[in-house]
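A short write-up of the structure that comes next.
The values are calculated or read from the model by the stated rules, or taken from the named source; none is laboratory data. Just so we're clear, the structure is a prediction, and the values are computed from it rather than from any experiment. We place every Cβ from the backbone using ideal geometry, glycine too, and count neighbours over all the protein chains shown.
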There are 2 protein chains.
Amino acid sequence: MDPRTRQEDFINLNPIQAGGRTSAKTRVLVNSYIDGYAVCDQCKGALSEIPKPDIVGLKMTMIDFLGVNTVRFTHGAREAKYLVMENLLESGDSVVVDENAHYSTFIGIEKVKAKKFIVSNTGYPKFKIIPEKYEQVIKKVKKETNKFPKLLVITQVDGHYGNFVNVKKINEIAKKYDIPLLVNSAYLVGRAEVKLNKLGADFIIGSGHKSFGAPGNVGILGVSNKWAEKLFQRSSDFPKKEVDSLGCTARNAAIVGLAVAMESINQRVKKWDEEIKKANWLVNKLERLGGFKLLGGKPKQHDLIYLETPVINKIAQSHRKRGYFFASALKDKGIIGIRPGLSKAFKLSTYGLTWSQVEYVYKVIKDVAKGE
Amino acid sequence: MDPRTRQEDFINLNPIQAGGRTSAKTRVLVNSYIDGYAVCDQCKGALSEIPKPDIVGLKMTMIDFLGVNTVRFTHGAREAKYLVMENLLESGDSVVVDENAHYSTFIGIEKVKAKKFIVSNTGYPKFKIIPEKYEQVIKKVKKETNKFPKLLVITQVDGHYGNFVNVKKINEIAKKYDIPLLVNSAYLVGRAEVKLNKLGADFIIGSGHKSFGAPGNVGILGVSNKWAEKLFQRSSDFPKKEVDSLGCTARNAAIVGLAVAMESINQRVKKWDEEIKKANWLVNKLERLGGFKLLGGKPKQHDLIYLETPVINKIAQSHRKRGYFFASALKDKGIIGIRPGLSKAFKLSTYGLTWSQVEYVYKVIKDVAKGE
C-alpha cells in the first residue's frame, strides 16, 4: 500500500472530508496511541472513566460543549442514532423524519422495523425543510395509525444541500405533542457550537470524523437528563458495562483523536462565521458568472455547497471525456474532490481553505467554464 | 495530552495488548489515511468495493486466510458476534455458550434477550471446556424448554486462562443436532492460522486489534456459504447498503491498518510455534522455582498465561505497598503490564518478546519472588 497524499498535494473540495481533516498534533498523538488496546493501560472496566489518556476530561468537556446532561461515544453518528432508535422504537412504531436525512437515518429506522413518515422538503431549487410541517405529519400519523409517533428526527444540516434547519421551532411542536426529538447535527456541531439545552430537544448526535477534525470513527450522543437511565442500561452480570454498546465502543485513534481535537474546539468554532463567508463568496461569484445555480437555501449557512451547473454540462456534451472532463480539468490545476463524471450538478465545500485558495478555486472553475 | 511511550520504554506483558502491537509500516500508512473519511476517496457506496486503498484486496485475502465464503469487517469482534446473534436469535431463544466466554459474548446474548445455557469449565486449576459437554447442555435445553437451542457459541481461546478448545469435536455435536456454531477466535486467529472450512463450523470471529497487529477497532466476521444471504440483507431503499451494519463500518485507521497487517500475515502466523515455546519455557521455569502455579490447561497452547502466585502474595502480606509492590518492583526493572495490586494471581503474555526479553522477565520475577 502507498501512503495517501491527496490532502498534501491538492486542494480538496470533497464536502464529506472537509470537517474531518486532522491537525498535526492530532496525528502525532494518535500515532502514539495507535496500538490495538493502547487506551486501556489504565482502564478499570469503563472507557469513560479512563484517566490517561484523559477520557474523563474529554467526556466532561463534551458535556459542557454540547449543553447536555450526559454523553456517550459510539462508533459513529449512525450508531448513536440507532442507539436512540432501538431504545425508543418497537417494531411497527411510527417515526417522523425529514426528507433530507442521511441514508443511515433511514436504515436505522428500517433496522428497528419502525414505520417512517417523511416531512418533505420544498423541492427544487431550495429543498428546504419547513419546521411547521412537522405538525402536519404528526397529525397524519395520528390519523393513519391512531397513535402519535414515538420519535421525531431532524437533520440540523443535511449532507445533500447543506441546508440549515431551525430546530427550535420543531422542538416547540415536539413539546406540544410530548414526543422526543432527536437532532442529527453530524454535519454541524464541531464546525459550530450547538447546544442541546438551548435547542430544548432530547438528543443530539455529533460525528468526530465529520465535523470535529477527528480521525474517527467516532460518534457522539448527547442526551438531556431524563433519558440517561433509559438509554444506558447496565448489564445484569457485568455492572460496569452498558448493554446497548456491548460494553465498550470507540477506542484508540477514535477516542484519542477526538480528545486532542476537543482541546482546541473553542478556537475552531470561532472561525465558523468566516467559513460561511467563504462559501457565500464563492457561490455569489459563480452565480454572477452565469451557468451556475445554487441548490438549497440561500444565503449559505453552511460550507456544503450544491451547485447546478448547466454551463459545465454543456461543455461535457461535446467533450471527448464527457462528464469526466470537469474533475479532470480541475485535477490538472491541483483541485480534487468533485465527484468524477458529474457535470450537471455537484457538491463541494470551502471549509478550511484559505481565502486565497477559495479565490484560486473560483478562478479555475471560471476558466474551465469559459473553456479556457 | 502527552504521547504514549509505554511500548517503547518498557517490556509490556499485558495480554490484551500483545497481539495488537502495530508495525512501523502500519503506523506510517495509517497516519497517511488518518483523516475522517480518507478511505472514501474512491468509494462508490460500498466500503468493501473500494479499490484504493485496496479494501477489495483485503477482503479477498481475508476470505482466503479464514477459509470462509464471505467476510465482513465490523467495529469489533463483539459487534461481529452480535450481528450473528441478532440475526439468529429472537427474544427467549436459547443459546449454548462456554463459561470461559468473553464478557461481550454474554452481553450480546443479554442484548438480544436470549436465554443462555452455560457449558461449565472443569474448575480449578485447569478450567477447561470439555467439548463433549456441549451435547449434555443441548439435551438439557431440550428438556427444560422443549426446544433445541438456536445457536452454539465456543470461545476457541479464552481471555481468562488462554485455554485452547478443540472446536472440531464441538462442531460434530453441532452437526448432529443441526445447530449453527459460532467460533469466537478473537484471541487466536491472526496470531495463528484458523480456517473455518477445516473446523466445519458456521461462523468465525476475529479481532484486528486483538490478534492481527492492527490498530482497530476492527472485527472480522467470516461465514460459511449458507449464511451470507440471511446475515447481510440490503436496505430496500439503499440497495448498496446492508441494514445490520447501518450501511458502513470500520473505516480509516481501522481498515487500513488491517489491510497493511494482512500483507505480512503469512510470516506472522509462521512464528506461532515459537511463541508457544516461549510461553511454556517461562511457565516451566517459574513453576520449578516454587510458589508459581499455572492456571488453565498445560502445556500452554497460547501465549496468555494465568499464574497463581502464593510466593508473591506472601511477600505482599507484609509489604508496605501490599499487593501493589509486585507491579511496582517490575516497573522499576522496566517491565509493565501486570495489573497493579494483584499478587495472588495475575495474567501475562510473552507474545512478541524476544527470547532474551523472556529470559529477562523470568530473571526479574525470580528475583522479586526471592525478595532480592
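Residue-wise test of (1) of a type in the set (A, V, I, L, M, F, W, C); (2) over 24 Å from A:Asp54 (Cα atoms); (3) out of contact with any Phe, Trp or Tyr (no Cβ under 6 Å at 6 or more places or on another chain).
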| position | (1), (2), (3) |
| --- | --- |
| B:Thr5 | no, no, yes |
| B:Ile11 | yes, no, yes |
| B:Ala18 | yes, no, no |
| B:Ala24 | yes, yes, yes |
| B:Asn31 | no, no, yes |
| B:Asp35 | no, no, yes |
| B:Ala38 | yes, yes, yes |
| B:Cys43 | yes, yes, yes |
| B:Val56 | yes, yes, yes |
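Figure legend. Inter-residue proximity from segment B:104-126: first residues closer than 17 Å to B:Val165 by Cα, second residues hydroxyl-bearing (Ser, Thr, Tyr) and not in a strand (DSSP E or B), beta-carbon distance below 9 Å, spacing 6+ or different chains. Indicated pairs: B:Val119/B:Tyr134; B:Asn121/B:Tyr161; B:Lys126/B:Tyr161. For B:Ala38, the conditions (1) more than 25 Å from the chain's Cα centre (by Cα); (2) over 12 Å from B:Ile336 (Cβ atoms); (3) surrounded by fewer than 20 Cβ atoms within 10 Å (Cβ to Cβ) are fulfilled apart from (3). Being in contact with a Leu (Cβ under 8 Å, 6 or more places away or on another chain), hydrophobic (A, V, I, L, M, F, W, C) and within 11 Å of chain B (Cβ to nearest Cβ): is that true of A:Ala80 here? Yes, satisfied.
Being over 18 Å from the mean Cα position of the chain (by Cα) and more than 26 Å from A:Trp227 (Cβ to Cβ) is a description that applies to A:Lys126.
For segment A:145-195, the set of residues classified as in contact with a Phe, Trp or Tyr (Cβ under 9 Å, 6 or more places away or on another chain), hydroxyl-bearing (Ser, Thr, Tyr) and closer than 25 Å to A:Lys126 by Cβ consists of A:Thr155, A:Tyr161, listed by residue number.
As a summary of the residue check, A:Val68 satisfies the conditions (1) crowded, with 16+ Cβ neighbours inside 10 Å; (2) more than 11 Å from every other protein chain (Cβ to nearest Cβ); (3) not in a loop (DSSP other than H, G, I, E, B) except for the one numbered (3).
To keep it simple, each residue is scored yes or no on (1) closer than 20 Å to B:Gln357 by Cα; (2) of a type in the set (Asp, Glu); (3) away from chain A (no Cβ under 14 Å).
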{"site": "B:Lys241", "(1), (2), (3)": "no, no, no"}
{"site": "B:Cys248", "(1), (2), (3)": "no, no, no"}
{"site": "B:Ile255", "(1), (2), (3)": "no, no, no"}
{"site": "B:Val260", "(1), (2), (3)": "no, no, no"}
{"site": "B:Gln267", "(1), (2), (3)": "no, no, yes"}
{"site": "B:Lys277", "(1), (2), (3)": "yes, no, yes"}
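All of (1) surrounded by 14 or more Cβ atoms within 10 Å (Cβ to Cβ); (2) of a type in the set (Lys, Arg); (3) closer than 24 Å to A:Phe10 by Cβ hold for A:Lys293 with one exception: (3). The combined condition, being in the same structural domain as A:Gly219 (by TED's automatic domain parsing) and over 29 Å from B:Glu86 (Cα atoms), is not fulfilled by A:Glu99.
Restricting segment B:210-239 to residues that are polar (S, T, N, Q) and either more than 8 Å from every other protein chain (Cβ to nearest Cβ) or buried (at least 16 other Cβ atoms within 10 Å of the Cβ) (or both), the residue that is nearest to B:Ser264 (Cα to Cα) is B:Ser211. The single condition among (1) within 12 Å of chain B (Cβ to nearest Cβ); (2) farther than 16 Å from A:Val218 by Cα; (3) assigned to a helix (DSSP H, G or I); (4) aliphatic (A, V, I, L, M) that A:Met1 does not meet is (3). Taking the criterion of being surrounded by fewer than 22 Cβ atoms within 10 Å (Cβ to Cβ) and either modelled with pLDDT under 95 or out of contact with any helix residue (DSSP H, G or I) (no Cβ under 7 Å at 6 or more places or on another chain) (or both), the residues of segment A:296-305 that qualify are A:Gly297, A:Lys298. Please indicate, with yes or no, whether at least one residue in segment B:46-55 is within 22 Å of the chain's Cα centre (by Cα), assigned by TED's automatic domain parsing to the domain that holds B:Phe117 and either surrounded by fewer than 16 Cβ atoms within 10 Å (Cβ to Cβ) or assigned to a loop (DSSP other than H, G, I, E, B) (or both). So far as segment B:46-55 goes, no, none of its residues is within 22 Å of the chain's Cα centre (by Cα), assigned by TED's automatic domain parsing to the domain that holds B:Phe117 and either surrounded by fewer than 16 Cβ atoms within 10 Å (Cβ to Cβ) or assigned to a loop (DSSP other than H, G, I, E, B) (or both).
Quick check on A:Thr61: is it in contact (Cβ under 8 Å) with a residue 12 or more places away in the chain, within 8 Å of chain B (Cβ to nearest Cβ) and among the β-branched types (Val, Ile, Thr)? Criteria not met by A:Thr61.
Put simply, of A:Lys230, A:Lys169 the only residue that is at pLDDT below 95, among the basic types (Lys, Arg) and over 18 Å from A:Lys116 (Cβ atoms) is A:Lys230. Among the residues of segment B:318-351, those that are surrounded by fewer than 20 Cβ atoms within 10 Å (Cβ to Cβ), in a loop (DSSP other than H, G, I, E, B) and either among the small types (Gly, Ala, Ser) or on the phi > 0 side of the Ramachandran plot (or both) comprise B:Arg322, B:Gly334, B:Gly341.
Criterion applied to A:Ser23, A:Ser32 was being more than 27 Å from the chain's Cα centre (by Cα) and of a type outside the set (D, E, K, R), and the one residue passing it is A:Ser32. Of everything in segment A:83-128 that is among the charged types (D, E, K, R) and more than 14 Å from chain B (Cβ to nearest Cβ), the residue that is surrounded by the most Cβ atoms within 10 Å (Cβ to Cβ) is A:Asp98. Scanning segment A:13-42 for residues that are facing chain B (nearest Cβ under 9 Å) and not in a helix (DSSP H, G or I) yields a total of 10.
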